[in-house]
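See structure below.
The values are calculated or read from the model by the stated rules, or taken from the named source; none is laboratory data. Just so it is clear, the structure is predicted and the values come from calculations on it, not from any experiment. So basically every Cβ, Gly included, is an ideal-geometry build from the backbone, and we count neighbours across all protein chains shown.
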Amino acid sequence: MKLGMQGISLALVAASLVITPVAAVAAKPDPSGIDKLKATADQTVTLKKEGATGLLGFVSTKGDLLPRVAADTKSEAAAKARAYLDEYASVFGAKAGQLDQSKVSTTPAGWTVEFEQAYQGVPVFGGVLKAHVDKSGDLTSVNGFAAPNLDLSTTPKWSKEKATAKALQLVKAKPAEAPVDSKIDTSGLEVVKADLNIYRMGAAQGVSGKSLLAWVIEVSNKSTVRETLVLDAATGKPVNRYSMIDNATDRELIEKHNTGDTTDDATVWRENDAFPGTLDKDQANEVATTGESYWLYKNTFGRDSYDGNGAKMVTVNNDPAISCPNANWNGETTNYCSGVTSDDVVAHEWGHAYTEYTSGLIYQWQPGALNEAYSDMWGNTVDFLNARENTTDDVDRTDGHCSSSTRGAIELTINSPADIAGGCPAAAANFGPVYPTSGVTSDIVVGQDDPADGSPTNGCGAFTNAADLAGKFVYVDRGVCSFATKVANANAAGAKGIVIGFLQGQPIGSISGNSSIYGATTDFATGQKIKSATSTVNITIKDASTSTKDDSVRWLMGEDSTAFGGAIRDMWNPTCYGDPGKVSDAEYHCDGATDSGGVHTNSGVINHHYALLVDGGSYNDVNVAGIGLDKAANLIWHAQTNYLTPTSGFPEFAQAMVSSCADLMGVTTLKKLTLGTSTPQAGGGETPGGEAVAPALEPITADDCASVAAANTATELTKEPAQCNFGPMLDPNTPALCGEGTNEVTTYTEDFEDGLAGWTQDAEAGVPGNDYPWEAASDVEDNATGVAFAPDPNEGSCGSATGDITSRNGLISPALTVPKGLSPRFSFDHSVLTEWGYDGGNVKVSVNGGEFKLVDQAAYAFNAPGGTMSADSGYMEGEPAWTGSDGNSFTGKWGTTIVKLDSVAAAGDTVQFRFDFGRDGCGGARGWAVDNVKVSYCTEKAVPEISATSPKRGKVEITVDGERATGEIVVKEHGIRVGRFTLKREEATFRALRGTHTYEVAYSGDRRNEAITDTVTVTVR
């Protein structure tokens, strides 16, 4: 199964990604349907919600969900699953008629029946439900994702031709995985496929979102770029993009010689050619591990190549298109840089291919982290099983320890001569052996080379004192030539290691390369000491860590790929490499704009889960009993091929593992992991891995399933990453406007209960009339009172001469006077739910009739704008703004923003505030609601409360309840002065006609009480 008729292609190390979320509201499960579902089953039913829809994503029982229907064969299992979903599709979010059976697979536990969702004949992107029938004919579970409440046109406003042209243009301009200074080769790009899909926003993140008609387009050059773009079929706007480059028998090896010239590209090895023949080490590694990967899946699980149909497995060596050091799967071939061909790396890349053709996990957020982790799990599994590149792979690791092979900070000490002895700044190179904690001690000699380039000590030419360097460290200056050239010259001279001195003023850092000698860098001052020494210089370089480390490379990833200079991840203790070992770790990656939402970083959680499950350990106050490699691998394979869907995250993986263990408990047909011995080649020699009868695996037990549950708990797979602060956009913890010992005085309020009276508007629009004025509204985000509302409708047609809605609408306050008291403030409540980056709001101010200018970010005391309007967003492009929705959720909870008025204008100045809402030419969410606008200041005096009663017929009594308030009040009605009255015991009385009156009462204040003005209403008898 391919996601939305699209493939997946992924990278071994991270790249960046930008996503455009759009809001919608999660649905609620139908309680009547759930009650009926529970009643139909013959045992207790377990239910779990799908995060992206709020509806059911998992239903299971230890008995039978549909006992009235028997299923003793594959076809009967399919019919039973069909009958169940005909009745209960709605609790998952689909209608029965929207689910088409796509596949029935035989598993060790029985059968898995897969259904794909379509709406009016259009596939739903990632819409997959899987029903599981055991060998007894019991329907034990149904899981997956379906897009609910579909009600939209399936006729695209953008044609396929127009959409594919735009997709191609976008990728040519900047591939999704390219950094700002990208050198990625985009030649040969073409649209591989373009399918009309129903696309549910937020599905990958596991949050609610709206459904829209979209073109799902794959663009690739079958080498450096493979990308999926999702374009809104109504507007052409990109709503998602992600790289599909998986950045490892019928085999073929192509050599590209690391040059852009394709004329000398050649197939250097095919199945049945002599092995190793004339292949170099990298080439032989690729052929060998490709075979081992094939036979692992074939012998153990019966799968014939990654597609299940015997597809040829093609590798490309020395691909110049890759940003080295790296490797990838691009949807057709696995591709490698020199020195990045260790067995775990090659098996990792082929793991991506198998994932693409089974679960189809998309390469974003937690699904992408799962995708990456599956490749690490299979990569290390092959590494453990084969007899190649094994040093201490079989030495168990200690709870909480890093490996001694983990490259970290180093210390460089000059031992002699005495006049320059002492510690020096240094950084380890990303190549060569890892410095031990005991240190490496050696004489260091300044390298001398041809001074034609102006410097005889930069190591850019062959060393003239090579005989003095053999077996010692060489020192050279940075500059003129590449680090690789310096290292190669040191290696050629037989040096034990190299230290490169950075230039004056340059901060030192690590350097990359591909060499077997030690490497380090130091600063300019240290270099000068070494060069000016009058006697032999002796140094010691050692690992700076004082923590105990394991002398084992078990669970390291890529440790034998020399170009990496050591491992790139540690599955046993991911934090040793800056990756999280559990969901709550500080290392958990929260940013959706980088690393595709943490696919390479957050994979550490799943990697750690696998390591604990295999070897056992104590972590996070949980003891996990190891179940061994064979059982753990059978479980993750069953989970991947039977339960995981393209949008599955960590909670779904946790449940998939629990369900897989229940499915396989007691099953006697499981097999041990088997690579086989070798495959003879007709041209001579044998390649590792071959056809073999896999031995039977002892049945999985209840104790094994307890270990699965313990590993789930230890790594916190079902927890939300609270440290990501996926909370409201606006902090709800509003501070008091005035500090202790002071009181707030309000000089202006507006609650919009009378609509927008007293406020004015202005507007700008690219197409005259295509704007959306502010309006009076109510019942916004659980606020039933009146509000001012700027609409952000999902309308418009970007770039259309008539349908483009690029516009700005401003709501302008009456003229307000900055009060003279302490800490004057302007505050308002608001709720934001807009199209992220393209639509949003901010506040501008006019002082004493001047032009409107943005309120400076420094003037905000609380809840300042936290976003920036994107390029091409229209009139507010590049401005700070409130834009998007609450974190990890498509809601816009209310919050209060406070502006320091004394940072905007001086006391007594007149100000007007303009609430600006801008939108681009198409698309939208809900809008921006504003309420309870207020101007206030602080005072050390008491702030009286003014009230009115009618104690006698024809009389009004005004009370100023303060700190023994004295002085006068001035009373007005409808702007007409009623009179001035002196307070006696905080009260004043005057005559009035019978009926209801609303008075404006201005109190003069005294030495204990603040002067205030308030409005009161009283009914006179």
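Which of the residues spanning segment 779-796 are in contact with a Ser or Thr (Cβ under 8 Å, 6 or more places away or on another chain), under 19 Å from THR834 (Cβ atoms) and surrounded by fewer than 20 Cβ atoms within 10 Å (Cβ to Cβ)? GLU781, ASN783 - these are the residues of segment 779-796 that are in contact with a Ser or Thr (Cβ under 8 Å, 6 or more places away or on another chain), under 19 Å from THR834 (Cβ atoms) and surrounded by fewer than 20 Cβ atoms within 10 Å (Cβ to Cβ). Taken over segment 356-370, the criterion of being at pLDDT below 95 and assigned to a helix (DSSP H, G or I) is satisfied by GLU356, TRP365, GLN366, PRO367, GLY368, ALA369. The residue that is farthest from VAL1001 (Cα to Cα), among those in segment 956-971 that are in a strand (DSSP E or B) and within 60 Å of the chain's Cα centre (by Cα), is ASP961.
Taking ASN335, is it touching a Leu at 6+ places or on another chain (Cβ under 8 Å) and at pLDDT 85 or above? For ASN335, the condition - touching a Leu at 6+ places or on another chain (Cβ under 8 Å) and at pLDDT 85 or above - is not met.
Just one of the numbered conditions (1) polar (S, T, N, Q); (2) surrounded by 21 or more Cβ atoms within 10 Å (Cβ to Cβ); (3) farther than 30 Å from VAL767 by Cα is not true of SER831: (3).
Scanning segment 784-832 for residues that are out of contact with any Gly (no Cβ under 7 Å at 6 or more places or on another chain) and more than 30 Å from THR910 (Cβ to Cβ), we see that the one that is modelled with the lowest pLDDT is SER800.
Among the residues of segment 980-995, which ones are surrounded by fewer than 11 Cβ atoms within 10 Å (Cβ to Cβ), more than 12 Å from ILE958 (Cα to Cα) and either outside the structural domain of GLU1010 (by TED's automatic domain parsing) or not small (Gly, Ala, Ser) (or both)?
Of the residues in segment 980-995, the ones surrounded by fewer than 11 Cβ atoms within 10 Å (Cβ to Cβ) are 982, 984-985, 993, 995.
From what is left, the residues that are more than 12 Å from ILE958 (Cα to Cα) are 993, 995.
Across segment 980-995, the qualifying residue is only LEU993.
Restricting attention to segment 796-816, report how many residues are assigned to a loop (DSSP other than H, G, I, E, B) and under 28 Å from ALA757 (Cα atoms). Residues flagged as assigned to a loop (DSSP other than H, G, I, E, B) and under 28 Å from ALA757 (Cα atoms) within segment 796-816 amount to 5.
A Cβ distance below 6 Å, combined with a sequence gap of six or more or placement on separate chains, defines the contacts here; from segment 407-427, residues that are not assigned by TED's automatic domain parsing to the domain that holds PRO507 reach no residue that is polar (S, T, N, Q) and loosely packed, with under 14 Cβ neighbours inside 10 Å. Would it be correct to say that ALA881 is crowded, with 20+ Cβ neighbours inside 10 Å, at pLDDT 95 or above and under 26 Å from ALA757 (Cβ atoms)? Considered against the rule, which asks whether it is crowded, with 20+ Cβ neighbours inside 10 Å, at pLDDT 95 or above and under 26 Å from ALA757 (Cβ atoms), ALA881 comes out as no. When restricted to residues that are assigned to a helix (DSSP H, G or I) and either closer than 18 Å to GLU652 by Cα or aromatic (Phe, Trp, Tyr) (or both), segment 609-639 contains 11.
Could you check, for segment 682-703, whether at least one of its residues is outside any loop (DSSP other than H, G, I, E, B) and within 20 Å of ALA611 (Cβ to Cβ)? Reasoning before the result, please.
We begin by selecting, within segment 682-703, every residue outside any loop (DSSP other than H, G, I, E, B); these are 686-688, 696, 700, 702-703.
Then drop every residue that is not within 20 Å of ALA611 (Cβ to Cβ), which leaves 700, 703.
Within segment 682-703, one or more residues are outside any loop (DSSP other than H, G, I, E, B) and within 20 Å of ALA611 (Cβ to Cβ).
Just wondering, is there one or more residues in segment 910-919 that are outside any strand (DSSP E or B) and either under 29 Å from GLY786 (Cβ atoms) or among the β-branched types (Val, Ile, Thr) (or both)? No - not one qualifying residue is present in segment 910-919.
Report yes if ASN848 is surrounded by fewer than 20 Cβ atoms within 10 Å (Cβ to Cβ), in the same structural domain as TRP759 (by TED's automatic domain parsing), polar (S, T, N, Q) and modelled with pLDDT of 95 or more, otherwise no. Full working, then the answer.
Working: surrounded by fewer than 20 Cβ atoms within 10 Å (Cβ to Cβ): yes; in the same structural domain as TRP759 (by TED's automatic domain parsing): yes; polar (S, T, N, Q): yes; modelled with pLDDT of 95 or more: yes.
Against the criterion (surrounded by fewer than 20 Cβ atoms within 10 Å (Cβ to Cβ), in the same structural domain as TRP759 (by TED's automatic domain parsing), polar (S, T, N, Q) and modelled with pLDDT of 95 or more), ASN848 qualifies.
So, ARG397, is that one of a type in the set (Lys, Arg), more than 21 Å from TRP295 (Cα to Cα) and not assigned by TED's automatic domain parsing to the domain that holds TYR475 or not? Here the answer is yes, as ARG397 does meet what is asked. The residue that is nearest to the chain's Cα centre (by Cα), counting only those in segment 465-524 that are assigned to a helix (DSSP H, G or I) and under 17 Å from ASP443 (Cβ atoms), is ALA490.
For the condition modelled with pLDDT of 90 or more, of a type in the set (A, V, I, L, M) and assigned to a strand (DSSP E or B), what is the one hit in VAL316, VAL346? Don't jump to the end; show me each part of the working.
Working: VAL346 fails: assigned to a strand (DSSP E or B).
After ruling out the rest, the residue left standing is VAL316.
Filter segment 427-446 for residues that are at pLDDT 95 or above and touching a helix residue (DSSP H, G or I) at 6+ places or on another chain (Cβ under 9 Å) and give the result. Residues satisfying the conditions are ILE444, VAL445, VAL446. Just one of the listed residues (ASN620, ASN573) is touching a Lys or Arg at 6+ places or on another chain (Cβ under 8 Å) and buried (at least 24 other Cβ atoms within 10 Å of the Cβ), namely ASN573.
If GLY892 satisfies all but one of (1) in contact with a Phe, Trp or Tyr (Cβ under 9 Å, 6 or more places away or on another chain); (2) in a strand (DSSP E or B), what's the number of the condition it fails? That leaves (2) as the condition not met.
Evaluation of TYR838 against the conditions (1) of a type in the set (Phe, Trp, Tyr); (2) in a strand (DSSP E or B); (3) within 19 Å of LEU730 (Cα to Cα) shows that the sole unmet condition is (2).
If the condition is being closer than 28 Å to GLY878 by Cβ and modelled with pLDDT of 95 or more, then segment 910-926 contributes VAL911, GLN912, PHE913, ARG914, PHE915, ASP916, PHE917, GLY918, ARG919.
Give the residues of segment 865-878 that are assigned to a loop (DSSP other than H, G, I, E, B) and either crowded, with 18+ Cβ neighbours inside 10 Å or among the charged types (D, E, K, R) (or both), sorted by residue number.
Step one: filter segment 865-878 for residues assigned to a loop (DSSP other than H, G, I, E, B), giving 865-866, 869-878.
Selection gives PRO865, MET869, SER870, ASP872, SER873, GLY874, TYR875, MET876, GLU877.
Can you name the residue in segment 125-172 that is more than 30 Å from PHE653 (Cβ to Cβ) and among the hydroxyl-bearing types (Ser, Thr, Tyr) and is also surrounded by the most Cβ atoms within 10 Å (Cβ to Cβ) among such residues? Here the answer is THR164.
Here the condition is being at pLDDT below 95, farther than 19 Å from PHE789 by Cα, out of contact with any Pro (no Cβ under 6 Å at 6 or more places or on another chain) and hydroxyl-bearing (Ser, Thr, Tyr); of THR939, THR949, it holds for THR939 alone. Just one of the listed residues (ALA656, ALA702, ALA706, ALA722) is at pLDDT 95 or above, under 30 Å from VAL207 (Cβ atoms) and either surrounded by 18 or more Cβ atoms within 10 Å (Cβ to Cβ) or out of contact with any Lys or Arg (no Cβ under 7 Å at 6 or more places or on another chain) (or both), and it is ALA656.
Taking GLY578, is it farther than 18 Å from VAL382 by Cα and crowded, with 24+ Cβ neighbours inside 10 Å? Steps first, answer last, please.
Working: farther than 18 Å from VAL382 by Cα: yes; crowded, with 24+ Cβ neighbours inside 10 Å: no.
For GLY578, the condition - farther than 18 Å from VAL382 by Cα and crowded, with 24+ Cβ neighbours inside 10 Å - is not met.
Can you say whether THR522 is at pLDDT 95 or above, touching a strand residue (DSSP E or B) at 6+ places or on another chain (Cβ under 9 Å) and closer than 23 Å to ALA533 by Cβ, as far as the supplied structure shows? Working first, answer last.
Working: at pLDDT 95 or above: yes; touching a strand residue (DSSP E or B) at 6+ places or on another chain (Cβ under 9 Å): yes; closer than 23 Å to ALA533 by Cβ: yes.
Yes; evaluated as a whole, the condition is true for this residue.
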